[in-house]
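A short worksheet on the structure shown next.
The values are calculated or read from the model by the stated rules, or taken from the named source; none is laboratory data. Remember, predicted model here, so these are calculated numbers, not experimental data. Because the Cβ atoms are built from the backbone with ideal geometry, glycine has one as well, and the counts that use them run over all protein chains shown.
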Protein chains: 2
Amino acid sequence: MTTLKLRILFDGAMFGPGKAELLERIRESGSIAAAGRQMEMSYKRAWMLAEEMNAAFRQPLIARTRGGPGGGGAHLTEAGVEVLRLYQAILDNALAASADQIADLEGMLHPSSPADIPGRT
Amino acid sequence: MTTLKLRILFDGAMFGPGKAELLERIRESGSIAAAGRQMEMSYKRAWMLAEEMNAAFRQPLIARTRGGPGGGGAHLTEAGVEVLRLYQAILDNALAASADQIADLEGMLHPSSPADIPGRT
């Protein structure tokens, strides 16, 4: 299945598939460390990305619950949930709006398997 | 200005901003080497990307004109021009279809300069 990866470059910030996936996994796991591990990212990198997102937005996207260093949990704030929702909507809209041209581009590719050859059933 | 970077993941191939820019620069410069240099890419890498694109599509996207190794020129074939056109249309459609959500997301960002604070004129 053809998918889109989409990165948005704002004036002073960037939001793309990596940050969206990190948010999604923090939401699911309740932990920045666990989310990072699932993405094969060091704890430090996951934590830095989380900090970067919190600093970039007016409202923090990720809230940490009390606990020692490396302990405690994390969850998405309302703003975090909303950012994820908007990003997913942007992706869905982009894919729907470009479906025809994506299909045209796909049709110009070498078939990767015999099943892909048009006219063959 | 907010921009989108968009990578399309087909079943057996990938097309994104880097390949699009390389095609565009080959079109403008008439040379794979020059296009690569403009993108601060080694000649080997530019050449490999060109070969990869030619192999992925039914029709080659880039045609090389005769000349010694490192010499000779290159130009986009009709298929190459069409792939660039489709990619640009996908990008334009995606941006237009998501304009509202992109603006919403932008509005949630920390203003990067005082001029960006809503309500201030």
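The set of residues in segment B:76-106 being at the interface with chain A (Cβ under 7 Å from one of its Cβ atoms) and of a type in the set (S, T, N, Q) consists of B:Asn93, B:Ser98, B:Gln101. Going by the structure shown, is A:Ala63 of a type in the set (Gly, Ala, Ser), over 20 Å from B:Ser98 (Cα atoms), modelled with pLDDT of 95 or more and not in a helix (DSSP H, G or I)? Taking the combined requirement at face value, the residue satisfies it. Screening the candidates B:Ala46, B:Ala97, B:Ala103 for the property of being farther than 30 Å from A:Ala13 by Cβ and out of contact with any Phe, Trp or Tyr (no Cβ under 7 Å at 6 or more places or on another chain) yields one hit, B:Ala46. Looking only at segment B:85-108, which residues are buried (at least 18 other Cβ atoms within 10 Å of the Cβ) and in contact with a helix residue (DSSP H, G or I) (Cβ under 8 Å, 6 or more places away or on another chain)? Across segment B:85-108, the qualifying residues are B:Leu86, B:Tyr87, B:Ile90, B:Asn93, B:Ala94, B:Leu95, B:Ala97, B:Ser98, B:Gln101, B:Ile102, B:Leu105. Within segment B:1-46, the set of residues being in a helix (DSSP H, G or I) and of a type in the set (Gly, Ala, Ser) comprises B:Gly18, B:Ala20, B:Ser29, B:Ala33, B:Ala34, B:Ala35, B:Gly36, B:Ala46. Of the numbered criteria (1) assigned to a helix (DSSP H, G or I); (2) over 30 Å from B:Tyr87 (Cα atoms); (3) of a type outside the set (Lys, Arg), the one A:Asn93 fails is (2).
Filtering segment A:21-30 to residues that are among the small types (Gly, Ala, Ser) and within 16 Å of the chain's Cα centre (by Cα) leaves only A:Ser29.
Considering every residue within segment A:63-73, establish whether at least one is among the aliphatic types (A, V, I, L, M) and touching a helix residue (DSSP H, G or I) at 6+ places or on another chain (Cβ under 6 Å). There is no residue in segment A:63-73 that is among the aliphatic types (A, V, I, L, M) and touching a helix residue (DSSP H, G or I) at 6+ places or on another chain (Cβ under 6 Å).
Evaluate the following for A:Leu22: is it touching a Leu at 6+ places or on another chain (Cβ under 9 Å), surrounded by 15 or more Cβ atoms within 10 Å (Cβ to Cβ) and modelled with pLDDT under 95? Spelling it out, it is not the case that A:Leu22 is touching a Leu at 6+ places or on another chain (Cβ under 9 Å), surrounded by 15 or more Cβ atoms within 10 Å (Cβ to Cβ) and modelled with pLDDT under 95. Taking first residues from segment A:1-19 that are more than 7 Å from every other protein chain (Cβ to nearest Cβ) and partners that are assigned to a loop (DSSP other than H, G, I, E, B), the Cβ contacts under 8 Å between residues at least 6 apart in sequence or on separate chains come to A:Met1/B:Asp11; A:Gly18/A:Met39.
Within segment A:99-121, being modelled with pLDDT under 95 and not in a helix (DSSP H, G or I) holds for A:His110, A:Pro111, A:Ser112, A:Ser113, A:Ile117, A:Pro118, A:Gly119, A:Arg120, A:Thr121.
For segment A:20-43, the tally of residues that are within 14 Å of another protein chain (Cβ to nearest Cβ) and over 30 Å from A:Gly107 (Cβ atoms) stands at 1.
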